[in-house]
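The values are calculated or read from the model by the stated rules, or taken from the named source; none is laboratory data. Predicted, not measured: the structure shown is a model, and the values here were computed from it. Positions of Cβ are generated from backbone atoms using ideal geometry, with glycine treated the same way; all protein chains shown enter the neighbour counts. When the accessible area is computed, the model is the full protein with side chains, heavy atoms only, and any ligands, DNA or RNA have been set aside. Shrake-Rupley method; radii C 1.70, N 1.55, O 1.52, S 1.80 Å.
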Amino acid sequence: MIPANTRGPGGIVVRYGDPDAAHVLSVYADLRCPYCKRMELGLGAVMERAADEGRFAVDHHFGTFIDDSAGGSGSLEALAALGAAADEGQKPFMHYLRALYADQPSEDVDAFADHDTLLRLADEVQALHTEAFRQKVMERTYLPWAAQVSAAFKTSGVRSTPTVLIDDAPVAVMNPTGYAVTPEAFLAGATPR
């Protein structure tokens, strides 16, 4: 099974924005990555707004390498829950992504492996108050899909997260101190060439 609002072979990329956008911002992240959290909290709403304005579409590529390095299955389980959110629409997906990052546990705590945690965080997104979403999370409907997404990340050539590209050109999203760049600096760098 493949969630809605995905693209590519096996639906391995989750798209936010116009399916036929001329420009694409590709975001490579791991849901347990603390630097990805800093990027999302600093720039996630900026990316969403820019996509809503038609500057570019945002393609999300997710890895689960922190599950391998720190142990556990939280990245994979959270990704499967995000797949269920994508079924509910692009906005629910984006808002659930933000909720996950806002309450991200430290890397050595595998809280996202707990379905109750994933469902509690989904309570913050009105559109996810559906039995269909809840059932997909509880039954781990999109776990096989999440594994495919993770495998595609491993073969993508991307070696660190967050990595962001506009039409395959790198975009700086982190400053030298390890926090998100300003929205102005991001938008300047994410202007299609």
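Any idea which of Ala127, Ala122, Ala81, Ala86 is within 22 Å of Asn5 (Cβ to Cβ), of a type in the set (A, V, I, L, M, F, W, C), in contact (Cβ under 8 Å) with a residue 12 or more places away in the chain and open to solvent by 20 Å² or more (accessible area, probe 1.4 Å)?
Ala127 is the lone residue from the list that is within 22 Å of Asn5 (Cβ to Cβ), of a type in the set (A, V, I, L, M, F, W, C), in contact (Cβ under 8 Å) with a residue 12 or more places away in the chain and open to solvent by 20 Å² or more (accessible area, probe 1.4 Å).
Mind listing whichever residues of region 102-119 are open to solvent by 70 Å² or more (accessible area, probe 1.4 Å) and in contact with a Pro (Cβ under 9 Å, 6 or more places away or on another chain)?
Once the filter is applied, which keeps residues that are open to solvent by 70 Å² or more (accessible area, probe 1.4 Å) and in contact with a Pro (Cβ under 9 Å, 6 or more places away or on another chain), region 102-119 yields only Glu107.
Which residues, taken from region 162-179, are open to solvent by 50 Å² or more (accessible area, probe 1.4 Å) and closer than 14 Å to Asp59 by Cβ?
Listed by number, the residues that qualify are Asp167, Asp168.
Name the single residue that is nearest to the chain's Cα centre (by Cα) among those in region 57-78 being aliphatic (A, V, I, L, M) and farther than 21 Å from Gln90 by Cβ.
Initial filter on region 57-78 (aliphatic (A, V, I, L, M)): 57-58, 66, 70, 76, 78.
This time we only want the ones that are farther than 21 Å from Gln90 by Cβ, so: 66, 70, 76.
On the way: Ile66: 14, Ala70: 19, Leu76: 12 Å.
Result: Leu76.
Take region 55-81 and flag every residue that is out of contact with any Phe, Trp or Tyr (no Cβ under 6 Å at 6 or more places or on another chain), over 16 Å from Val158 (Cβ atoms) and not acidic (Asp, Glu).
Matches in region 55-81: Arg55, Phe56, Ala57, Ala70, Gly71, Gly72, Ser73, Leu76, Ala81.
Within region 130-161, track down each residue that is outside any helix (DSSP H, G or I) and either open to solvent by less than 20 Å² (accessible area, probe 1.4 Å) or under 18 Å from Val27 (Cβ atoms) (or both).
Residues satisfying the conditions are Tyr142, Thr155, Ser156, Gly157, Val158, Arg159, Ser160, Thr161.
For region 1-45, how many residues are small (Gly, Ala, Ser) and over 20 Å from Gly189 (Cα atoms)?
Number satisfying all stated conditions: 4.
Has region 48-65 got any residue that is farther than 20 Å from Pro144 by Cα and among the hydroxyl-bearing types (Ser, Thr, Tyr)?
Checking region 48-65: not a single residue is farther than 20 Å from Pro144 by Cα and among the hydroxyl-bearing types (Ser, Thr, Tyr).
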